[in-house]
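Shown next, in structure tokens, is the structure this report addresses.
No value in this document is a laboratory result; all are computed from the given coordinates. In this text, all values refer to a predicted model and were calculated from it rather than measured experimentally. As a convention, Cβ positions derive from the backbone with ideal geometry for all residues, glycine included, and neighbour counts pool all protein chains shown.
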Amino acid sequence: MKMKKVLALGLVAMMSAAAFAGCGSGSDGSTASEGGSNGTATADGSNGQVYYLNFKPEADEAWQEIAKQYTEETGVPVTVITAASGTYEETLSSEIIKDEAPTLFQVNGPVGLANWKDYCYDLKDTSLYNELTSDSYALYDGDAVAGIAYVIESYGLIVNTKLLEQAGYTVDDIASFDDLKKVAEDITARKDELGFAAFTSAGMDSSSDWRFKTHLANLPIYFEYQDKGIDSTDAIEGTYLDNYKAIWDLYINNATCAPADLAGKTGDDAENEFASGEAVFFQNGSWEYANLTDKGMTDDELAMIPIYIGAGDEAKQGLCTGTENYWCVNSEASEEDIQATIDFLTWMVTSEAGTNMLSEQIGVIPFKQAADTTNLFVLNDRAYTEAGKTPVSWNFTTMPSEEWKNGVGSALTAYAAGTGSWDDVVSAFVDGWATEYAAANN
Amino acid sequence: MKAKENIARIIVFIILCLLAIFWIYPVFMILINSLKGDTFISTSTVFQLPNAESFIGLENYTNALASKGFAAAFGYSLVITLSADVLILVCTSMCAWYITRVHGILSNVCYALFVFSMVVPFQMLMFTLSSTADRLDLDTPFNICIIYLGFGAGLAVFMFTGFMKSIPLEIEEAAMIDGCNPIQTFFQIVLPILKPTLISVAILETMWLWNDYLLPYLVLDRKKYMTIPILIQYFRGSYGHVEMGPMMACIMMTVLPIIILYICLQKYIIKGVIAGAVKG
Amino acid sequence: MEKAIRKYWPIFVLPTLAAFCVGFIYPFVQGLYLSFCKFTTIKKATFNGLDNYVYALHDGEFWHSFWFTALFTVVSTVLINVIAFAIALALTNKIKGSNFFRTVFFMPNLIGGIVLGYIWQILLNCVLSLLEKPLLALNATYGFIGLTILMCWQQIGYMMIIYIAGLQSIPDDYIEAAKIDGATTGQILFRIKIPNVMPSITICTFLTITNGFKLFDQNLALTGGEPAHASEMLALNIYNTFYSRSGPQWKGYGQAKAVIFCIMVIIISMIQLKFTKSKEVQQ
């Protein structure tokens, strides 16, 4: 009988311990996690380690290599994990709760920062911050430097100039949406004779749909912001959505494949089509340069031109240039890991190997010791700016959420396949913005 | 009368044959496409048999084994399944024996909780379970079996207790009188009697463990370990493209061992399913 | 003997119980608590009362996924059970090669949901594109049909096995006696076979209902919820609310949805329990 009582008591204690820990796990949770990361740090015989959750699948290989090189030089272990496209937030939110959480992650700008600011280490007094060429590349949370932009990128329409010449045009013939439309439709009309199409497939697979639901959608937002003189909004009006429709129609009706097949086309499909000369135009960015040259394309057959949508002053429109890539150091990581991460980043932006990798693979890096770039598209952007054109800024960092982008993407796909109407796109764009903005800021 | 019945039989037989084709075809389709080059797998050609141009032999397989981490994923899946299986069988059968033989608060509360846990969907626990597992460092394929023992205990205990109630007490009592302590009694007397149920539970648990996706995906240390379902899910999004060839090869390499195992152990598997269903 | 065993509880019960506390009780209680909190990680949870539940119950997508799940569960339960029972009848009727058929039909059960989802995604998308119909990711109706076909393909074998066992346990005398009394095949089926396999029918029905209700892997792999969450079922909706959204409020919403989901599943199980109990009384 006594035994039974003891047992019952023990069980009750166990259950209530579980319940109690569930309610107030604050203190014991954090000590446990510190113990964990310290343990691993010392086990490796070094003072810290770096775990980078990379956002850019296209640069995965380059990151793996540079991480290996850094580890060889310094002995500090660097792990790079790349989240599948479209799943960065999902991966980050499930990884960040772990003991060995990423020490380095990225946010896409103010909207992303709002969600992750509790985890951003203040980089103000670090060597990394001092390397920045301008304060405007830092992302502030109050006075604290929460994130640091590591790359400035440009996107637009990549042109295969050789094919364009075969069709009887040059890059200079295209200076407005009307020109683009004329050229594209002419190429489509002579598709069989020429043997290539105007546009690569506007694939709406998750590996490629960001080119349209995010990057292309930036243009109508940019022009609306310009008109109103604002740089973010809680409700978009969609004044330039007709232009968005016009350019989307142009893309899908003059492409290498039928509009209905776009749903399953991937980023790789488009890249291969372009590299193998099946299409003249390919909407993508400066990060794509390395992939195209790897596939055997040369500078004399490539150029990047602005995406004209028939809005604003087209004679003055430049490429879309900006950043949505801010490095943040996880403030919850151990001191050693934070230091190791900052050291790694500083090395990335000061050493020859690091800066070369960044500028070759991705584009311009806003750091003092940056290697000069050979990236043709970046040079294109410079030329446009020098010729007095205004770059289109990246406003998709103000889009209310990933969910909004997905909504627009689904509607675009359905519209292309003929199962949805353009009204659905408008509604996802305008109404979706309002609901998502409210949901994100409540 | 007889003739009519024969015709009916033939019709039924033909329908069953058609259904069987419908059942086998998807796997067959993956098999033929896994032998084709990546560029030859498209919506229009997927139903064609590989021809001289598209046939690339086992290249997709070697590719998947060499560069896509299939071998490692297979190994981890195997380790997880085996370790969790053994642990669940031993621990829960012991626990179930105690619950059926000893009456008291501990037994009753445990039993009620175990039965309750069978019902709760994984989504309820996914976040807290993965953070608990992480905090206790149970995030490798070598100790994730403890998590599986905890989360999967319900069904196993339930099935064991159901069966144990029908074992006569006398045998065990005789053993105890002969001087066996409870541990000896359990392992020498009870466990052999339990063999058919052990097999049933093992089969049901194996089917779950080998194919489980979300639990290992959330719990395992993503930097280092992938199981087969995670690997296959990974093919879709990562690196910005879908490599159909190696993906189909991976699917084949996942499915084939299971089918072979199934054909060998068919008798036990079907018995296990029936036992599980009657109890569940 | 009971006394002797009782002392050994640390050996017999403790390992399982400890793991159970780690793997179930603690996360469950914590999950329950977190459903009343706003949190991104457990360390940073602030209590916010019933807000999460209010949001979850007002979320249109959640209700859409609920009705989608409910409809799917009903359709798949009926189809799977009817077809499985028909096949079981045929196979117990001394058909040639019945072992072979049984083997083939049961096979898909051993293949995991993710793998199955991709196999069928490839197959169905090819069929749809040959018919010049929109792909699975574009049309929720095709997504629904696709999921139903996939579930039938996977589960019919399992249920068939249970029905075969049920049918084989009917004593031959019953059927022989009925035949001698001049009963037709239809009468034998409805008067003798079906009433005698009622327990199997109950089991299979509830197995298919819970499987349908909790479906996750197949949904994720086959349609991923596309287009725009239209083919998203409850489990996937919860997962997406939880992990695909960023911002501290979403985790709480997701956890609250999970609790609601859990309650729904418990209710279904209680109904099942009642059914099984009342059947046992009858027999």
To the nearest whole number, what is the average tally of beta carbon atoms from other chains within 10 Å of the beta carbons of peptide A:297-305?
0
Would you mind classifying chain C by shape? Square roots of the alpha carbon gyration tensor eigenvalues, ordered a ≥ b ≥ c; an a/c under 1.5 is rounded, otherwise it is prolate if a/b is larger than b/c and oblate if not.
oblate
Span per principal axis, largest first, for the Cα atoms of region A:125-270 (Å):
62, 35, 34
At q = 0.04 Å⁻¹, what log₁₀ I(q)/I(0) does a Debye calculation on the Cα points of the protein assembly as shown give, no solvent, two decimals?
-0.22
Excluding residues on the same chain fewer than 8 positions from residue C:274, give the aspartates and glutamates whose Cα lies under 15 Å from its Cα.
none
How long are the three semi-axes of the equivalent ellipsoid for chain A, computed from the Cα gyration tensor as the root of 5 times each eigenvalue, in whole Å, largest first?
44, 27, 20
Taking only Cα atoms of region C:1-102, the Rg to Rh ratio with Kirkwood Rh works out at 1.26
Could you check the spin-label model distance between residue A:232 and residue A:72? Points 7 Å from the Cα along Cα→Cβ, value in nm.
4.3
For region A:316-340 and region C:170-242, distance of Cα centres in Å:
52
Value of D in µm² per second that Stokes-Einstein yields for region A:159-206, Kirkwood Rh from Cα pairs, at 37 °C (0.692 mPa s)
288
Dimensionless Rg/Rh of region A:42-118 - Kirkwood Rh, Rg from C-alpha atoms
1.00
For region A:200-216 and region A:396-422, what is the separation of their C-alpha centers, rounded to whole Å?
10
Which aspartates and glutamates, if any, have their Cα less than 20 Å from the Cα of residue A:181, not counting same-chain residues under 8 positions apart?
A:165, A:172, A:173, A:192, A:193, A:242, A:249, A:278, A:313, A:314
Unit charges on C-beta of K, R, D, E only; dipole of the protein assembly as shown, Debye
6540
Can you give the net charge of the other residues whose Cβ lies under 15 Å from the Cβ of residue C:245, counting K and R as +1 and D and E as -1?
-4
Determine the alpha carbon to alpha carbon distance for each of A:228/C:44; A:68/A:405; A:56/A:98; A:162/A:316 and list only those over 29 Å.
A:228/C:44; A:68/A:405
What is the local net charge at residue B:184, summed over the other residues whose Cβ is closer than 15 Å to its Cβ (Lys, Arg +1; Asp, Glu -1)?
-1
Theoretical ellipticity at 222 nm over chain A - DSSP helices of four or more residues, -39500 (n - 2.57) apiece, nearest 500:
-14500 deg cm²/dmol
In the calculated pair distance distribution of region C:68-232, what percentage of Cα-Cα distances lie above 27 Å?
35
Working note, chain B: Cα radius of gyration (Å, one decimal) and Dmax (Å, whole number) are 23.7, 76
Reduced to Cα centres, the span from region C:70-129 to region A:54-77 in Å works out to 47
For chain A, the helices passing both cut-offs (Cα extent along own axis of 24 Å or more, Kyte-Doolittle mean at least 0.5, full DSSP H runs) are A:2-23
Can you tell me the orientation of helix B:266-279 relative to chain B, as the angle in degrees between its alpha-carbon axis and the longest Cα principal axis, to the nearest 10?
50
Can you give the Rg and Dmax of region A:69-180 based on its C-alpha atoms, in angstrom?
20.6, 60
Summing +1 for each Lys or Arg and -1 for each Asp or Glu, what net charge is found among the other residues whose Cβ lies under 11 Å from the Cβ of residue C:69?
0
C:107, B:124, C:270 arranged by Cβ crowding within 10 Å, fewest neighbours leading:
C:270, C:107, B:124
Please report, ordered by residue number, every helix of chain C (full DSSP H runs) that is 15 Å or longer along its axis going by C-alpha atoms and whose mean Kyte-Doolittle hydropathy reaches 1.0.
C:60-91, C:113-130, C:140-168
Name the lysines eligible as straight-distance cross-link partners of residue C:94: C-alpha to C-alpha under 22 Å, and not fewer than 8 places from it in the same chain.
B:2, B:4, B:267, B:271, C:179, C:193
